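Undergrad: Before anything else, here's the structure in question.
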Amino acid sequence: MNTPADFSPQLPALLNGTSPLPHLGVIQAQGEDAANFLHNQLSNDVLLLPVGQSRLAAFCSAKGRMQASFILVKTAPDTVLLVLSLDLLAQTLKRLSMFVLRAKVKMSDATSQWQLRGLLGDSARAAVGSVAPWQTTVTDGAHAVALYPAVLGESKTPRALWIAPAGHALPAGPEVTPEVWQWSEVMSGVTLVSQPVFEAFVPQMLNYESVGGVNFKKGCYPGQEVVARSQFRGTLKRRTARVHSPVALEAGQDIFTPTDPQQPCATVVLCAARPDGQGFDALVSGTTDSLQIGWHTDLSTGTAMTPLALPYELLADI
């Protein structure tokens with residue numbers, strides 16, 4: 001008999017097609033200093049990012065806390081697009097613009113100029129083939145960024161982010177709802193920061209160093225010392241895990257253990273309903289010790305979450 005954490009054999013078949021992404025927006029950095037400017041602000045190497053390629057990166061406070069995160073797409077030698085959670089776009093654009101000073105770069109909200117779609121299954125495979133995450137293909141002005149796959153037991157469903165100028169023909173494939181896309185994101189173990197978890201994590205608390213979101217060899221950026229110290233001094237005590245929950249969770253929600261009901265030990269990053277109606281799956285960032293004890297959504301009713309294996313290895317050494 002299946003437990004609530006088991007995956008229905010029908011689920012992988014639902015992850016096939018293209019989905020609108022209304023929760024995402026686009027910031028454009030344009031000018032001869034665009035790459036150099038972003039390189040000095042973000043957790044990943046932008047200066048050496050080739051035209052037509054992509055990377056994951058975080059924008060941190062001086063204390064190393066993530067204020068936003070992006071999928072970067074370099075569309076031209078002087079243009080970089082930053083795809084991020086739409087609810088953080090205005091404040092992130094304002095803060096990045098504060099640091100421009102004399103740099104020859106213009107930061108702008110370009111959401112209306114670009115179309116975004118999430119590709120799953122055959123649609124993703126047709127766009128990016130079997131390349132590694134963050135590798136990008138360019139076809140007729142449309143960029144398709146390979147993402148981490150959605151892993152369900154032994155099944156791995158390809159995923160990709162498609163971004164093209166407004167008015168461009170949409171990629172082929174059946175329509176998938178944004179809710180199903182969000183669930184595939186949980187199943188991939190990789191997500192972007194949203195408003196409810198603004199400044200809640202250093203990048204490693206979302207496993208960014210293990211999924212290509214942090215470059216420890218690049219130069220300084222806001223929060224770099226804190227991020228590096230967390231990595232090399234062994235002070236990191238929180239990680240993101242996949243879990244199954246019988247009840248819905250909200251991003252930013254505190255999670256507790258029965259042994260310490262007054263002290264939150266984890267925070268919900270992203271939650272989505274299973275398409276078959278069998279509960280909810282979520283990404284939760286919390287202390288590694290508390291996960292062993294057991295995370296609960298409601299201590300009064302004893303509602304517990306079931307850990308699910310991460311779909312990738314956490315790097316022990318960088």
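Bear in mind that the values in this text are calculations on the coordinates, not laboratory data. Everything quoted here is computed from the prediction, not taken from an experiment. Positions of Cβ are backbone-derived with ideal geometry, glycine not excepted, and every protein chain shown enters the neighbour counts.
Undergrad: Give the relative contact order (percent, whole number) for the chain; include only Cα pairs under 8 Å separated by 6+ residues.
TA: Values: 723 pairs, mean separation 62.5, N = 318.
Relative contact order of the chain: 20 percent.
Undergrad: Follow-up question, since we're still on this one. Could you give P(r) for the range 184-254, binned at 5 Å from zero, as whole percent values over all Cα-Cα pairs?
TA: 3, 12, 24, 25, 18, 10, 5, 2, 0
Undergrad: Give the value in nm², to one decimal: projected area of the alpha carbon convex hull of the range 195-308, averaged over all directions. List each step's numbers first, then the result.
TA: Values: hull surface 32.5 nm².
In nm², the orientation-averaged hull projection of the range 195-308 is 8.1.
Undergrad: If you don't mind, another one. Say each of Phe216 and Ala273 gets a label point 7 Å from the Cα, pointing the same way as Cα to Cβ; how far apart are those two points in nm?
TA: Spacing of the two 7 Å Cα→Cβ label points: 4.2 nm.
Undergrad: Now for a separate question. State the Cα centre-to-centre distance between the range 184-225 and the range 47-107 in whole Å.
TA: Using only Cα atoms to place each centre, the spacing works out to 13 Å.
Undergrad: Another question, if that's okay. When averaged across all projection directions, what area in nm² does the alpha-carbon convex hull of the chain cover? Please list the in-between numbers first.
TA: Working: hull surface 64.3 nm².
Computed as one quarter of the Cα hull surface, the answer is 16.1 nm².
Undergrad: Among 191-198, 211-218, how do they line up by average Cβ neighbours within 10 Å per residue, starting with the highest?
TA: Values: 191-198: 20.4, 211-218: 18.1.
Going by the mean number of other Cβ atoms within 10 Å, highest first, we get 191-198, 211-218.
Undergrad: Given R₀ = 45 Å, FRET efficiency for Ser155-Glu225 by Cβ-Cβ distance, to 0.05?
TA: On the way: r = 41 Å, r/R0 = 0.91.
After rounding to 0.05, the efficiency reads 0.65.
Undergrad: Round to the nearest 0.05 the FRET efficiency obtained for Ala248 and Ser61 when R0 = 45 Å and r is the Cβ-Cβ distance.
TA: Working: r = 30 Å, r/R0 = 0.66.
In this case the efficiency is close to 0.90.
Undergrad: Given the Cα-Cα distance of Ile293 and Gln91 and 0.36 nm per residue of separation, how much length would full extension add, in nm? It would help to have the intermediate numbers written out before the result.
TA: On the way: separation 202, 0.36 × 202 = 72.72 nm, distance 3.76 nm.
Full extension from Ile293 to Gln91 adds 69.0 nm.
Undergrad: Given labels modelled 7 Å from the Cα in the Cβ direction, how far is it in nm from Glu175 to Ser8?
TA: The modelled label-to-label distance comes out at 2.1 nm.
Undergrad: Over the range 139-213, what portion of Cα pair distances is larger than 19 Å, expressed as a whole percent?
TA: Values: 1378 of 2775 pairs.
That fraction is 50 percent.
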